[in-house]
Amino acid sequence: MQGIHQQYKRRNRVAKWRVRAVQLAILIASFLLWELAGRRGWIDVLLFSYPSKVFGQIYGDAVSGELWGHLAITVGETIAGFILGTLLGTALAILIWWFPFLSRVLDPYMVVFNSMPKVALGPIFIVMFGAGFTAILMTTLSIIIIITTLVVYNSFREVDANYIKVVRSFGGSKRDEFRKVVLPASFAAIISTLKVNVGMAWIGVIVGEFLAARAGLGYLIIYGFQVFNFTLVMSSLLLISIIAAIMYQGVAYMERRLLTGRQH
């Protein structure tokens, strides 16, 4: 039995490394094709640039020190929006689950607010809070909170009612229902919501920086368009992709550790 388990783990490791190898090969091939297309004139390098120029832009800005301030601002805004939006959205989901009357009252408002284009709220936040960190954070929160609330609350509602009845039959309180049944059953959904929120946080921050920032990667993208420096635009987009991928992998690692710990 132990040998079968070891074989299963070994096959899983081999399959995982195969997937990583194919992913890396696709990434390298994409950059090589992009470089070749730029140098051969298959694409308009004024608009799309090519990897050697993009990496040269990143290296030059890093060496000169111009990059780090913009990078720190955007990453800080993204992490703040990600953490605060997830916490507030989860707290709101718990609140409306705890009070069903509140859920029935707020349900249509949440649906309508979720359907609103958040870009349209940006100018309102700028007028209310000024062009700066707070307006960008509010733009990010307006995207994350409602999505988190809807997803987490729906996971609470989908918990098997029979488990809750068992807790009640033993005299358990509402707190016991939530702590011993609802939250553990929704744990995987909450962790999965974190993965979605990584992308949502970046969308909110970049949109906010488009509208209100004087620094940050979103600001560099807008500035690059204004001065027709599309290499700067592409380098900013590449940095956003890299950092977003790192954040996503961080959440995925946390998910594996937490779920493995719960299984043990």
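The values are calculated or read from the model by the stated rules, or taken from the named source; none is laboratory data. Worth saying up front: this structure is predicted, and the values here are computed from it rather than measured. Backbone-built Cβ (ideal geometry, glycine too); neighbour counts: all protein chains shown. Keep in mind that these areas ignore ligands, DNA and RNA; they rest on the heavy atoms of the full protein, side chains included. Shrake-Rupley method; radii C 1.70, N 1.55, O 1.52, S 1.80 Å.
Any number yet on Rg/Rh for the stretch 52-186, C-alpha, Kirkwood? Could you put the intermediate results ahead of the total?
Working: Rg = 20.9 Å, Rh = 17.9 Å.
Across the stretch 52-186, the Cα-based Rg/Rh ratio is 1.17.
For the stretch 50-183, give the percent of accessible area contributed by carbon and sulfur heavy atoms, probe 1.4 Å, rounded to a whole number. Carbon plus sulfur share of accessible area: 69 percent.
Taking only the C-alpha atoms of the stretch 1-112, Rg followed by Dmax gives 24.5, 65 Å.
I'd like the chymotrypsin sites (Phe, Trp or Tyr not before Pro) in the stretch 127-230 restricted to DSSP loop residues with at most 12 other Cβ atoms within 10 Å, sorted by number. Could the numbers behind the result be given before it?
Numbers: sites: PHE129, PHE133, TYR153, PHE156, TYR163, PHE170, PHE178, PHE187, TRP202, PHE210, TYR219, TYR223, PHE225, PHE228, PHE230; in loops: PHE170, PHE228.
Qualifying residues, ordered by number: PHE170, PHE228.
With protein chains left intact and a 1.4 Å probe, residues in the stretch 155-209 average 52 Å² of accessible area per residue.
When only alpha carbons are used to place a centre, the stretch 221-247 and the stretch 116-181 end up 31 Å from one another. Enclosing the Cα atoms of the stretch 148-239 in their convex hull gives a volume equal to 108 cubic angstrom per residue. Loop-located chymotrypsin sites (Phe, Trp or Tyr not before Pro) in the stretch 34-86 (DSSP state not H, G, I, E or B) with no more than 13 neighbouring Cβ atoms inside 10 Å: TRP42. Taken over the chain, lysine pairs spaced eight or more positions apart, or on distinct chains, with alpha carbons under 27 Å apart number 6. Along the Cα-to-Cβ line of ARG214, 7 Å from the Cα, sits a label point; which residues in the stretch 66-82 have backbone N less than 19 Å from it? Taking a point 7 Å out along Cα→Cβ of ARG214, the residues of the stretch 66-82 whose backbone N falls under 19 Å are 66-77.
Here the simple spin-label model places points 7 Å from the Cα toward Cβ, and for MET128 and ARG18 these points are separated by 5.2 nm.
Spin-label model, ASP160/ALA37: points 7 Å from Cα along the beta carbon direction are separated by 5.0 nm. Note on VAL105/TYR59: beta-carbon distance plugged into 1/(1 + (r/R0)^6) with R0 of 45 Å gives a FRET efficiency of 0.25. Model label points for ARG257 and GLN7, set 7 angstrom from Cα along the Cα-to-Cβ axis, are 3.4 nm apart.
So what's the back-of-envelope 222 nm ellipticity for the chain, counting only DSSP H runs of four-plus at -39500 (n - 2.57) apiece and dividing by all residues, rounded to 500?
Numbers: 12 runs with 226 residues, N = 264.
Mean residue ellipticity, 222 nm, calculated: -29000 deg cm²/dmol.
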